[in-house]
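*Asks:* Could you have a look at this structure, given as structure tokens, before my questions?
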Amino acid sequence: MNLRERMHGTDDAGAVGIPTAAGPRTLAELRRSGEELTSAGDRAVDKCLSRTEARQVHKITQDTGE
Amino acid sequence: MIFKGPIQKLGGGHPGGNSVPRTLPKLCGSDVELANLILGLETLNGQSTGHEASQALLREIRGVPRRGFYASRCSCPSGSACTCGFNPQDVGRRFLLSNGGAAYIDLNHLELCTPEVLSAYDHVVASRSMLVIAQQALAAANARLPPGQRLLAFANNSDGEGHAFGSHLNWLCTRRCYLNLFERRLQYLLSLATYFASSIIFTGAGKVGSENRMPRVDYQISQRADFFERLVGKETTYNRPIVNSRDESLGVDDDMARLHVIFFDNTLCHGSSLLKVGVTQIILAMIEQEILPSPILLDDPVEAVGCWSHDPSLRTSMPTVGGRDCTALEVQRTFLESAREFVASGRAEGIVPRAEEILALWADTLDKLESDVDALAPRIDWVLKKTLIEKAMMRHGLEWRDPQVKYLDHAYSSLDPDEGLYWACEKEGGVEMLVSDAEVERFLHWPPEDTRAWTRAQLMRRWGNGRIEDVDWDLIRFRVSHGRWEERRTLRMENPLGYTKAATSHIFSRTLSLTDTLDLLEALETRPPENTVEVAPAIQGVGAVKCEAKDHSNPERRFDS
């Protein structure tokens, strides 16, 4: 399966999906679930904001690099 | 396929006449500097804890040390000019036995360098494997810290307070291509800058706020855009140029050069990373073959990248040389159109692996940027980050200027798998995976097979414990024992395309002494064969031809390394 098939393929019919860490998802599935798509990220966001250091780590002063 | 439309084969005025220039596989190396700090560690005057954090991380990464000329710390009296050879941009460099990459400290940032790779897919694999190595180091370093302290590391490019740090990409090109870019045919330079500036719409990592005295903005597409102040230049830590002209060869032989690109953000999404490297490979291959990749040249790429970055709606138009104003998306479409013809002509074969797949992903991405940006959250970092933050603001009643929002910006790229927002999305299947975990795992333990990284890693594995005196990208210096006396021998690997597994397997599959191994390696013919690029038929009516490479560069020119 090449990338074009991965990206387009027959995904709307559900036969070929986009590979994700949780297994193939069809593009339709990914599109449909804007909410679900980032639900894991949302949970992680809420976990981050609940940490006591949330107000501390917005300043991560670094040295200029490169 | 006959080139038409925007593609212009530039003839005349160049000593090459009508001959097709020599072209080389678009081999790529990369590095990323991490933001690193220790929470709970008190420092004098509240200074950054980057020094302590980077040292703690590097201690957990094993490898063969680069000795070279560099002192490990400055021994000069405080306040006086350094004369001891200390280089704060290259501290503790070590090369990894596992995959041939490297790690060191650059100005108090842990810097991770991938081994040389040929394909954009391998770049994604290699860069992720280096992040996994950093994650392992982070866990180990944290386990050693006293209670109350925690080491944090972020794969981003700015701290939000005016300090930027790099993620660089480097490409192999011919010396002729390099001279065209910087000294002879500056339309290519402007075209490359136009491509870079407009590419942020799929290579940007996203950032809350602005820096470097740029106008205030809630959210912008690129981490780096605010820091570009010049079109071209050698600097990297101030007056940063869009196109860097640092001519540092790292060993490539006389008719090769290394293009050092400091422009791009560090990206975590596979799609962003693949496009960043793969599309650039195609654009550089076109430039190397003296094809202007787009008829559109920006009037002021520096201004354009700033304005485009500050407009996530993608509606801002910027002036071009011809007087027409274009959006970044419109500019990218002209590059795509030319690249399609270029790839279809066969001229990317052997130069850009899996070019057609890269084109397909690029085209699909541009379509979605035009019609359905939100659908790109699984593929493009700036879109995913923006989606996460905007939803968090709605749920928690936050404003863009709230410190928690900036915290989420940083947390997106945290390497801590329990904290990093990107990793959470990936773990739950919300991100397109264009390479597999198994491939990443392989690059944790094995080098790429199709570049000199293979031989570097093999030699370090066999003789890294005592026989290697020094190692760098292009050489390894050995101490060879002959009974009661020792000889110093240096293996130079100037061609990064040589010393592959295929070229050396007959050597490393046998049990040989170090002397015999070096004899055989030194006897290898590693220069790429001359004039080997087969050009597809009917380019400007010319049939299939064997390229005749002519070196028009100054034979007296030496490399700056």
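The values are calculated or read from the model by the stated rules, or taken from the named source; none is laboratory data. As the structure is a prediction and not an experimental result, all values here were calculated from the model. Cβ sites come from the backbone with ideal geometry, for glycine too, and all protein chains shown count toward neighbours.
*Asks:* Need the failing condition index for residue B:446 against (1) under 22 Å from residue B:496 (Cβ atoms); (2) crowded, with 21+ Cβ neighbours inside 10 Å, just the number.
*Replies:* That leaves (2) as the condition not met.
*Asks:* Among the residues of segment B:118-128, is any within 14 Å of chain A (Cβ to nearest Cβ), closer than 27 Å to residue B:416 by Cβ and surrounded by fewer than 23 Cβ atoms within 10 Å (Cβ to Cβ)?
*Replies:* The answer is yes, given that some residue of segment B:118-128 is within 14 Å of chain A (Cβ to nearest Cβ), closer than 27 Å to residue B:416 by Cβ and surrounded by fewer than 23 Cβ atoms within 10 Å (Cβ to Cβ).
*Asks:* Can you tell me how many residues in segment B:374-386 are of a type outside the set (A, V, I, L, M) and modelled with pLDDT under 95?
*Replies:* Residues of segment B:374-386 of a type outside the set (A, V, I, L, M): B:374, B:378-379, B:381-382, B:385-386.
From what's left, modelled with pLDDT under 95: B:374, B:378.
Residues that pass the stated criteria total 2.
*Asks:* Sticking with this one: Determine if segment B:220-235 includes at least one residue that is among the hydrophobic types (A, V, I, L, M, F, W, C), assigned to a strand (DSSP E or B) and either within 14 Å of another protein chain (Cβ to nearest Cβ) or crowded, with 23+ Cβ neighbours inside 10 Å (or both). Please lay out each step first, then the result.
*Replies:* Here is the first cut: in segment B:220-235, the residues among the hydrophobic types (A, V, I, L, M, F, W, C) are B:221, B:225, B:227-228, B:231-232.
Subsequent filtering for residues that are assigned to a strand (DSSP E or B) retains B:228, B:231-232.
Pick out the ones that are also either within 14 Å of another protein chain (Cβ to nearest Cβ) or crowded, with 23+ Cβ neighbours inside 10 Å (or both) and you get B:228.
Yes - at least one qualifying residue is present in segment B:220-235.
*Asks:* For segment B:61-72, enumerate the residues that are at pLDDT 75 or above and either assigned to a loop (DSSP other than H, G, I, E, B) or among the β-branched types (Val, Ile, Thr) (or both).
*Replies:* As a first pass, look at segment B:61-72 and keep what is at pLDDT 75 or above: B:61-67.
The answer is B:61, B:62, B:63, B:64, B:66, B:67.
*Asks:* Within segment B:279-322, how many residues turn out to be in a helix (DSSP H, G or I) and either at positive phi or charged (D, E, K, R) (or both)? I'd like the intermediate steps shown before the answer.
*Replies:* Narrowing segment B:279-322 to residues in a helix (DSSP H, G or I): B:279-288, B:301-309.
Next, from what is left, pick out any that are either at positive phi or charged (D, E, K, R) (or both): B:288, B:303.
Within segment B:279-322, residues that are in a helix (DSSP H, G or I) and either at positive phi or charged (D, E, K, R) (or both) number 2.
*Asks:* Against the condition out of contact with any Cys (no Cβ under 6 Å at 6 or more places or on another chain), farther than 24 Å from residue B:114 by Cβ, more than 14 Å from chain A (Cβ to nearest Cβ) and assigned to a helix (DSSP H, G or I), how does residue B:179 come out, does it pass? I'd like the intermediate steps shown before the answer.
*Replies:* Numbers: out of contact with any Cys (no Cβ under 6 Å at 6 or more places or on another chain): yes; farther than 24 Å from residue B:114 by Cβ: yes; more than 14 Å from chain A (Cβ to nearest Cβ): yes; assigned to a helix (DSSP H, G or I): yes.
Yes: the conditions hold for residue B:179.
*Asks:* When you go through B:80, B:54, B:98, B:75 one by one, which is the residue that is part of a loop (DSSP other than H, G, I, E, B) and touching a Leu at 6+ places or on another chain (Cβ under 9 Å)? Step through it out loud before you land on a result.
*Replies:* Values: B:80 fails: touching a Leu at 6+ places or on another chain (Cβ under 9 Å); B:54 fails: part of a loop (DSSP other than H, G, I, E, B); B:75 fails: touching a Leu at 6+ places or on another chain (Cβ under 9 Å).
Going through B:80, B:54, B:98, B:75 in turn, just one is part of a loop (DSSP other than H, G, I, E, B) and touching a Leu at 6+ places or on another chain (Cβ under 9 Å): B:98.
*Asks:* Which residue pairs have Cβ atoms closer than 9 Å, lie 6 or more positions apart in sequence or on different chains, and pair a first residue in segment B:490-501 that is free of Cβ contacts under 8 Å to residues at least 40 places away in the same chain with a second residue that is among the hydrophobic types (A, V, I, L, M, F, W, C) and surrounded by 19 or more Cβ atoms within 10 Å (Cβ to Cβ)?
*Replies:* These pairs meet every condition: B:490/B:476; B:490/B:478; B:491/B:459; B:491/B:476; B:491/B:478; B:491/B:518; B:491/B:521.
*Asks:* At least 3 residues that are within 13 Å of another protein chain (Cβ to nearest Cβ), farther than 26 Å from residue B:158 by Cα and not hydrophobic (A, V, I, L, M, F, W, C) in each: list the helices (runs of 4 or more DSSP H) lying fully within segment B:323-442 that qualify. Spell out how you get there, then give the answer.
*Replies:* Working: elements: B:328-344, B:355-371, B:381-396, B:403-412, B:421-427.
By residue number, B:355-371.
*Asks:* How many of the residues in segment B:358-384 are more than 30 Å from residue B:118 (Cβ to Cβ) and either charged (D, E, K, R) or surrounded by fewer than 18 Cβ atoms within 10 Å (Cβ to Cβ) (or both)?
*Replies:* So the answer is 4.
*Asks:* Pairs only if they're at least six apart or on different chains, beta carbon under 6 angstrom, first in segment B:429-444 and in contact (Cβ under 8 Å) with a residue 12 or more places away in the chain, second assigned to a strand (DSSP E or B) and surrounded by 18 or more Cβ atoms within 10 Å (Cβ to Cβ); list them, first residue then second.
*Replies:* Close Cβ pairs (under 6 Å, with a partner that is assigned to a strand (DSSP E or B) and surrounded by 18 or more Cβ atoms within 10 Å (Cβ to Cβ)) amount to B:432/A:18; B:433/A:20.
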